[in-house]
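Every read-out reported here was derived from the displayed coordinates using simple, explicitly stated rules and does not represent laboratory data. Predicted, not measured: the structure shown is a model, and the values here were computed from it. Reconstructed Cβ throughout: ideal geometry from the backbone, glycine too, with neighbour counts over all protein chains shown.
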C-alpha cells in the first residue's frame, strides 16, 4: 500500500513541482490499488435524497472532480468520504481503512479543505496551523517545522503572527488550504475552494492543486465551475440530484454525449439564400439564424467553416466575427440533466 | 482523548482571554453593577442597611400589647429604629382611611420607611383558635422598597408564628386539651430574616448576587462556541481530525467551567479586598463557588443544545440568566414562601446566596453542605440532558 511520511526533507513524487511547492510531502510508493473507494453511498435528509447510490474510486496521484450545480449532493458525498457524516448505507475506504464517523481510524490519511473559511479569525496563521497540527498528533517540533513549510508554500510566512481577521479573502483561502495540507495527507478533499475568490487567487489555488496531484497526492475536488474541472481533473464525475450520472475523462464524457461543434458567424445582409445551401453541406446537422448571426451545428465545425463562409458570401452577406465552440462539460451536463450547470 | 481535550481547551481559552468581552461581561460589569446597586440601595462595604419603622397598637388587647412591646424591643438592633405610636392618642390608625392618612403623615414627618399596624380585633382573632386569621397591616413609603421589604418580612414572620400558635391552640381544643394561644418572646427572632445581621452585609450581598448572575453569561461563552464552530465551518475540521468527538464536548465544558470559576474567584477576591466583604470560611466558599459554576455550565449547555444558532443561544441564555437571577434573589430578596418561594428554591442563585449568607460569620465551611448538595443536584439533573443535546450538535 502507498503511504506518506510528513516532513523528512526529500520527495519521491513523479512531478518535480511537488518538491518545490510542498517539500514536506513524500509519497513513498504508488501501486495500482485505488486510494479511495466509496461504494454505494446513500444519504437522506428528511424528504431529500441528498446522495443516491454514489460510488467512486480515486488512485494515488489522481485528481478526481465532482462536478455539479449547487445542491447536487457534492458536499454531502465528500462529507461521508471524509468521515463527517454517517451514510445511510454504503462504505468508504481510504488507504485500506474503512472510514466511520465515530471512529478515528484512517483520519490521518485525509486532509479536508471545507468550502467555508474554516479558520479561527482571532488566532494568527501560525496558531491556526499549530492547533490543527496538534490535533493530528504531531509533536510540537514537527508541527512547527511543518507549519513553517506550509506558511512558505501559501505565501504567508511574513505575516504568520498576524491575526487572520486582518487577512484578505485570498490570504484566508490560502490558509484554509494550507491547514488541509498540514499533516501531509494522502487524500486531499477540496470542497469548492475557489468560491468567492478573485481571479488572481483562484489561479494560484488551481496551480497549487495541480502541483499536489503531480506530487502523488490524491485529490478529490468538488466544483460547479466546469473550467476548473476540465483544467484540474484526471477524471470527472458529474453529479446531479445526488446521483453520479456520468464519469470519465473530459474527452470520454464529451464523446459519450456526442455533441456537435457550434459555429456562430455574425453577418450583415440577408442569409436567406445561403442558409439552404449550408444545410445541404455534408456533416452540418443544423443551421439557424439568431440576432444578426447564423448558428451552424456540425460534427467538425472548423472543417466545414470555409464552405459555410463561401455560401454566405455568394448569397450577398458580409461576414463579421466567427466563433467555433467545441462541446464542453457544460454541454454534457445540459445533455445529461436537461439543465444548465449553474442553475 | 486527553491530548485532544487539552489542545482544544488551550485554544479556546486563548481565544476567550483575548476576547475583551470575557473581562467586560465576566468581571467588570458585575463589579461595577454591585457597587452601583450598593450605592443606590444601601451603604457601601460593611455598613448596615438603616431601617426606620413604626408600630401602632390599634387593638389595645393583651396579646396586641405583647406584640407591640416585642416589636418595640427590636429598636436599635441590626440597624433598625422603631418608633412607637399610641393607638389611643389619635395619631395612630385604627383601620379606617382616616387612620391611614395619619400614618402616612407620620411616615412623611418622621422619615419612616414603614409602619406596622396592629389592627382592632387582632387579639380576638388570635384567641379564637379558628375563623379569621389574625393580620398585621404595613403602611409603606413607596420610595424605600428595600427597607419596606425588610419591615414586611418582620411582619410576615410575626404573623406566621402567631398563626402557628393559634392553629395549635385550635387543634388542642378539638382534642380536649386547654392550650391557650400565646405569643412568645422567641417569636420575635428577627436575625434569620436580616441581610445586615449575621449573614452577608448589603454590599457583599449585592456583589454576590451580581457574581452568580453574571457567571451564567461568562460560562455561556464557552458552550456557545460549539455553535459558532458549526457556523464558521471549523467544526467540519474538528470532526475530520483523528480525535474522538466527545473530546470536543469535554473541552467546551472545561473552558466554560474554568472561565466561570476564574471570573467568580476574581470578583469575590476583589469584593473581599475592595469592599471588605467577609465571605466566611474559604473552604466552604470554594465548594459553593465550584458547585454554582457547575450548575451554570449545565444550564447554559441546555440552551446551547436546543438553540439553532450561536446568536439565538446567546439571546435565550441572557433571558435565562436574568430571569433566574431575579427569581433566585440576585437583585432583591425574594419571598421564601408560596409559589414564588418554591420557584426561587429551584434556582442555583438561591442556593448560592443562601449558602454565602450561612457562611458569613460561620465557624466552619460545613454549614454550606446542604447548599452545595442542592447545587450539585441541579447540575446533575440539568447536565445529563444537556450532554445528550450537545452531542447531537457534533455534526458538520
Compute the FRET efficiency between residue A:264 and residue A:195 as 1/(1 + (r/R0)^6), taking r as their Cβ-Cβ distance and R0 = 51 Å, and round to the nearest 0.05. 0.95
Could you tell me the relative contact order of chain A? Use alpha-carbon pairs under 8 Å, at least six residues apart, and round to a whole percent. 20
Cβ neighbours within 10 Å from other chains - mean over B:237-250: 6
Here, residue B:332 and residue B:308, labelled 7 Å along Cα→Cβ, have an inter-label distance in nm of 3.7
Once fully extended, how much extra length lies between residue A:44 and residue A:161, figured as 0.36 nm per residue of separation less the alpha-carbon to alpha-carbon distance? 37.8 nm
Counting only C-alpha contacts under 8 Å and six or more residues apart, can you give the relative contact order of segment A:211-291 as a whole percent? 12
Mind checking the angle between helix A:199-214 and chain A's longest principal axis? C-alpha axes, 0 to 90 degrees, to the nearest 10. 70
Please list A:321-333, A:215-227 highest first by mean number of surrounding beta-carbon atoms within 10 Å per residue. A:215-227, A:321-333
Residue-averaged 222 nm ellipticity for the protein assembly as shown, from DSSP H runs of 4+ at -39500 (n - 2.57), nearest 500: -16000 deg cm²/dmol
If one takes the longest principal axis of the Cα atoms in chain A, at what angle in degrees, from 0 to 90 and to the nearest 10, does the Cα axis of helix A:169-181 lie? 60
Which order do the peptides A:303-315, A:125-137 come out in when sorted by mean C-beta neighbours inside 10 angstrom, highest first? A:125-137, A:303-315
Rounded to the nearest 5, what is the percent of antiparallel bridges among the DSSP beta bridges in the protein assembly as shown? 60
Volume per residue, Å³, of the convex hull around the alpha-carbon atoms of segment A:260-326? 66
Normalised per residue, the volume inside the convex hull of the alpha-carbon atoms of the protein assembly as shown in Å³ amounts to 253
Residue order, fewest to most beta carbons within 10 Å, for B:22, A:45: A:45, B:22
Return the FRET efficiency for the residue pair residue A:100, residue A:310: r is the Cβ-Cβ distance, R0 is 56 Å, and the value is rounded to the nearest 0.05. 0.25
Taking B:295, A:289, B:29 and counting other C-beta atoms within 10 Å, the order from fewest to most: A:289, B:29, B:295
Per-residue mean of other chain beta-carbon atoms within 10 angstrom of the beta-carbon, peptide B:12-21? 2
Could you work out how much longer the chain between residue A:91 and residue A:52 gets when fully extended? Use 0.36 nm per residue separation minus the Cα distance between them, nm to one decimal. 12.7 nm
Using 7 Å Cα-to-Cβ label points, what is the residue B:377/residue A:231 separation (nm, one decimal)? 6.7
Averaged over peptide A:82-89, how many Cβ atoms belonging to another chain are found within 10 Å of each residue's Cβ? 3
So, relative contact order of segment A:260-326 in percent, Cα under 8 Å, 6 or more apart, is 50
Taking only the alpha carbons of segment A:187-343, what extent do you get along each of the three principal axes, in Å, biggest first? 59, 32, 28
Where does each of B:55, B:10, B:255, A:271 land when they are ranked from fewest to most other beta-carbon atoms within 10 angstrom? B:10, A:271, B:255, B:55
